[in-house]
1. Among the residues that make up segment B:173-185, is at least one of them touching a Lys or Arg at 6+ places or on another chain (Cβ under 9 Å), over 27 Å from A:Ser114 (Cα atoms) and not in a helix (DSSP H, G or I)?
2. Can you tell me which residue among B:Phe128, B:Phe123 is more than 10 Å from every other protein chain (Cβ to nearest Cβ), out of contact with any Gly (no Cβ under 6 Å at 6 or more places or on another chain) and under 30 Å from B:Ala231 (Cα atoms)?
3. Could you tell me whether any residue of segment B:112-119 is within 18 Å of A:Cys17 (Cβ to Cβ), in a helix (DSSP H, G or I) and within 11 Å of chain A (Cβ to nearest Cβ)?
4. Which one of the conditions (1) within 11 Å of another protein chain (Cβ to nearest Cβ); (2) not in a helix (DSSP H, G or I) does B:Val220 fail to meet, given that it meets all the rest?
5. Based on this model, can you work out whether A:Ile82 counts as closer than 28 Å to B:Ile265 by Cβ, under 23 Å from the mean Cα position of the chain (by Cα) and modelled with pLDDT of 90 or more?
6. So which residues in segment A:82-102 are surrounded by fewer than 17 Cβ atoms within 10 Å (Cβ to Cβ), within 25 Å of B:Phe36 (Cα to Cα) and either within 10 Å of chain B (Cβ to nearest Cβ) or in contact with an Asp or Glu (Cβ under 6 Å, 6 or more places away or on another chain) (or both), if there are any at all?
7. List pairs: first residue in segment B:57-85 and at positive phi, second residue assigned to a helix (DSSP H, G or I) and surrounded by fewer than 19 Cβ atoms within 10 Å (Cβ to Cβ) anywhere in the structure, Cβ distance under 6 angstrom, at least six positions apart or on different chains.
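The values are calculated or read from the model by the stated rules, or taken from the named source; none is laboratory data. Computed from a prediction, not measured in an experiment: that's the story for all the values here. Quick reminder, even Gly has a Cβ in these numbers, built from the backbone with ideal geometry, and neighbours come from all protein chains shown.
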Amino acid sequence: MKVKENLMKYIFLLCACISILAVVIICLFIFVNGVPAIGEVGIVKFIFGTHWKPSSNEFGIFPMIVASIYVTAGAIIIGVPIGLLTAIYLAMYCPVKVYKIVKPLINLLASVPSVVYGFFCLVVVVPVIQNLTHTSGKGILTTSILLGIMILPTIISTAESSIRAVPSMYYEGALALGATKERSIMKTVVPAAKSGIMSGVILSVGRAIGETMAVVMVAGNQAIMPNSITSGVRTLTSNIVMEMGYATGMHRDALIGTAVVLFVFILLINICFSLVVRKKEK
Amino acid sequence: MSKLKTYLKHPFSFILLVLIGICAFITVASILFIIFFIVFKGVPNLSADLFSFTYNSKNVSMLPSIFNTIFITFGTLLIAVPIGIFSAVYLVEYTKKGSKLTKVIRVTTETLAGIPSIVFGLFGFLAFVISLGWGYSLIAGILTLVLMVLPTIIRTTEEALLAVPDTYREGSFGLGAGKLRTIFKIILPSATPGILSGVILAIGRIVGESAALIFTAGTVANTATGLLSSARTLSVHLYCLLTEGLYTEQAYATAVILLLLVVVINAVSNFAAKKIAKV
């Protein structure tokens, strides 16, 4: 009996360690393969080089870094205000009957596969932008709209739950002092929910920067420095997915180097996230 | 009337109210638009040809991809669910709150959850397809997805286990049951709805995944014949149809089926969540 108990305890422990092992192995594979490639190209040349021409051994991923940052920023600019105000509506204004319909819809939005988003954007948003700007329609603006929609559920659900967690005394106190409903929300409830809202924003930055398949379809994928809001760009993620299939040798290692840079971005975002969450717990 | 007067006195409050209304409308309208657009464009394009047993470039059948999606989903769950549940059991039942190991495991699962799927795909490609020499194969895709859904299952199971009242454990110990018996006969059964909702979340992620699969399970459009044969899931199938650019109509039809799958999975998970609320 005792033996069985102990045996199972170690089996449980072993399983718990698998996730540690997974992170270690993934990091090892990506860094061991990618870092030497970055070293070979030269770290400055790799990160700040503006030419990506694998055929002539030029591996500069600066355009991709800039593109990733641009589309993520665009997604935040579009997604955060809409998401936050929707969350305020859901938490403070929405009648129960409407809520029962809208909330599941938003949950559904969260689980729509990214290819479906990409497809939708390709056949609906791209032609509209094409007509409005007389360009190819694929580029920073379209990608930002796409990612802005994709991060909505994350922003809405985190913001809504943190707004609901604010004690109602704050809101009632402000009302009692004669502030209008909107003023009470904006000046007392939202500031009190700030760190929860921030953690939602950081989560969606992670999602936007890591999104791949939908972005590949609508970003245009030119590996050059963007010069306007409608110019086609290639993000870090799409660089990997587009060329990994046929890349060999140095080219493949440079792509893994791209993943290293992406990984570092994600780790930074994770650190920000846990800092915000820890601050909230205090 | 008094409301109107207040708003006349405070124009900014009124503007804010209007903005809140507009934003809520935009959110709901875009969701409905996406769903109805896909459904209206897709349903007329559904045909019997699309569900033939074998794929060729004439019928562009999605049935093999549906089978592959089912294989990959089951394969992934078969490995990930026991590991995930056991990890959560260890974290909740065997460690003290705030122990070092728990912290390390929590940090690593959070990291794992934040890694973009393309990085998982790249890892799977380097580790399983190239280093282990399996080539594009079902098993490479399954193992990659196991790593990807593990954090989801661990976290939801953990929450479900924490929600089991301590009186259950004490009661079981009081009747003379050992720890193992308590876990398997008392704790896990009462945590089942919570665990189930985690599993369903994981299924949703597997069905929707494409970036992690394209370089691990590959893109062969026919039903897989074994663990080492390459196969595309429905999401990858949709992506391939779009990049080939010749099959827009079939792509619409595929998107509808994919969306339908997601809606069903979502509905089941809502149902499970309601059951938890009752327990």
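1. yes
2. Values: B:Phe123 fails: more than 10 Å from every other protein chain (Cβ to nearest Cβ).
So the residue among B:Phe128, B:Phe123 that is more than 10 Å from every other protein chain (Cβ to nearest Cβ), out of contact with any Gly (no Cβ under 6 Å at 6 or more places or on another chain) and under 30 Å from B:Ala231 (Cα atoms) is B:Phe128.
3. Taking every residue of segment B:112-119 in turn, at least one turns out to be within 18 Å of A:Cys17 (Cβ to Cβ), in a helix (DSSP H, G or I) and within 11 Å of chain A (Cβ to nearest Cβ).
4. Going through (1) within 11 Å of another protein chain (Cβ to nearest Cβ); (2) not in a helix (DSSP H, G or I) one by one, B:Val220 breaks only (1).
5. Details: closer than 28 Å to B:Ile265 by Cβ: yes; under 23 Å from the mean Cα position of the chain (by Cα): yes; modelled with pLDDT of 90 or more: yes.
Taking the combined requirement at face value, the residue satisfies it.
6. Of the residues in segment A:82-102, the ones surrounded by fewer than 17 Cβ atoms within 10 Å (Cβ to Cβ) are A:93, A:95-101.
Keeping just the survivors that are within 25 Å of B:Phe36 (Cα to Cα) gives A:95-101.
Scanning segment A:82-102 gives A:Val98, A:Ile101.
7. Listed pairs, sorted by first residue: none to list.
Each row is one residue, and each column tells you yes or no for (1) assigned to a helix (DSSP H, G or I); (2) in contact (Cβ under 8 Å) with a residue 40 or more places away in the chain; (3) assigned by TED's automatic domain parsing to the domain that holds B:Ile214.
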| position | (1), (2), (3) |
| --- | --- |
| B:Lys97 | no, no, yes |
| B:Leu101 | yes, no, yes |
| B:Gly135 | no, yes, yes |
| B:Ile154 | yes, yes, yes |
